[in-house]
1. Restricting to segment 39-54, name every residue that is in contact (Cβ under 8 Å) with a residue 12 or more places away in the chain and not in a helix (DSSP H, G or I).
2. Could you tell me how many of the residues in segment 1-19 are open to solvent by 60 Å² or more (accessible area, probe 1.4 Å) and out of contact with any Leu (no Cβ under 9 Å at 6 or more places or on another chain)?
3. Using beta carbons and a limit of 9 Å, which pairs, at least six apart or on different chains, have the first residue in segment 1-12 and closer than 19 Å to THR72 by Cβ and touching a residue at least 12 places away in the same chain (Cβ under 8 Å) and the second one of a type in the set (Gly, Ala, Ser) and buried (at least 17 other Cβ atoms within 10 Å of the Cβ)?
4. Tell me yes or no: at least one residue of segment 39-53 is more than 20 Å from GLU2 (Cβ to Cβ) and surrounded by fewer than 19 Cβ atoms within 10 Å (Cβ to Cβ).
5. Being touching a residue at least 40 places away in the same chain (Cβ under 8 Å), open to solvent by 60 Å² or more (accessible area, probe 1.4 Å) and within 20 Å of MET1 (Cα to Cα): is that true of ARG75 here?
Amino acid sequence: MEIGNLIRMANRIGQFFDAMPDRPEALEGVTNHIHKFWEPRMRNELLGFLANHPDGDAGEEQLHPLVLEAVTQNRQRLTPAPRVA
């Protein structure tokens with residue numbers, strides 16, 4: 001999937017949870033949503049993008065600050081388990 005599309009999807013999640021008054025709860029909501037509903041290759045692509053662009057800036061697209069913080073804080077939790085052959 002193209003990173004711009006992933007960023008736009010993640011930003012919609014971020015905008016939804018950004019309305020929550022409790023910041024830790026909002027961060028957990030973003031993390032849980034991405035962990036539960038994004039398939040492993042989507043999470044890997046987002047994490048790979050952030051490894052190369054820690055500021056979340058892809059030029060035309062930038063990660064919502066809440067998403068950037070949630071994914072950065074929960075990188076290990078969002079990293080898919082390796083496939084066993």
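1. Passing the criteria: only PRO54.
2. Start the filter on segment 1-19 by keeping residues that are open to solvent by 60 Å² or more (accessible area, probe 1.4 Å), which leaves 1-2, 5, 8, 12, 15-16, 18-19.
From what is left, the residues that are out of contact with any Leu (no Cβ under 9 Å at 6 or more places or on another chain) are 1-2, 5, 8, 12, 16, 19.
Of the residues in segment 1-19, 7 are open to solvent by 60 Å² or more (accessible area, probe 1.4 Å) and out of contact with any Leu (no Cβ under 9 Å at 6 or more places or on another chain).
3. Here the result reads ILE7/GLY56, each pair linking segment 1-12 to a residue that is of a type in the set (Gly, Ala, Ser) and buried (at least 17 other Cβ atoms within 10 Å of the Cβ).
4. The first filter runs over segment 39-53 and keeps only residues more than 20 Å from GLU2 (Cβ to Cβ), leaving none.
No, segment 39-53 has no match at all.
5. Working: touching a residue at least 40 places away in the same chain (Cβ under 8 Å): no; open to solvent by 60 Å² or more (accessible area, probe 1.4 Å): yes; within 20 Å of MET1 (Cα to Cα): yes.
Against the criterion (touching a residue at least 40 places away in the same chain (Cβ under 8 Å), open to solvent by 60 Å² or more (accessible area, probe 1.4 Å) and within 20 Å of MET1 (Cα to Cα)), ARG75 does not qualify.
The values are calculated or read from the model by the stated rules, or taken from the named source; none is laboratory data. Owing to the predicted nature of the structure, the values given are computational and were not obtained by experimental measurement. With ideal geometry, Cβ positions are generated from the backbone for all residues, glycine too; neighbour counts draw on all protein chains shown. The protein model used for the area step is the full one, side chains on, heavy atoms only, and it has no ligands, DNA or RNA in it. Shrake-Rupley method; radii C 1.70, N 1.55, O 1.52, S 1.80 Å.
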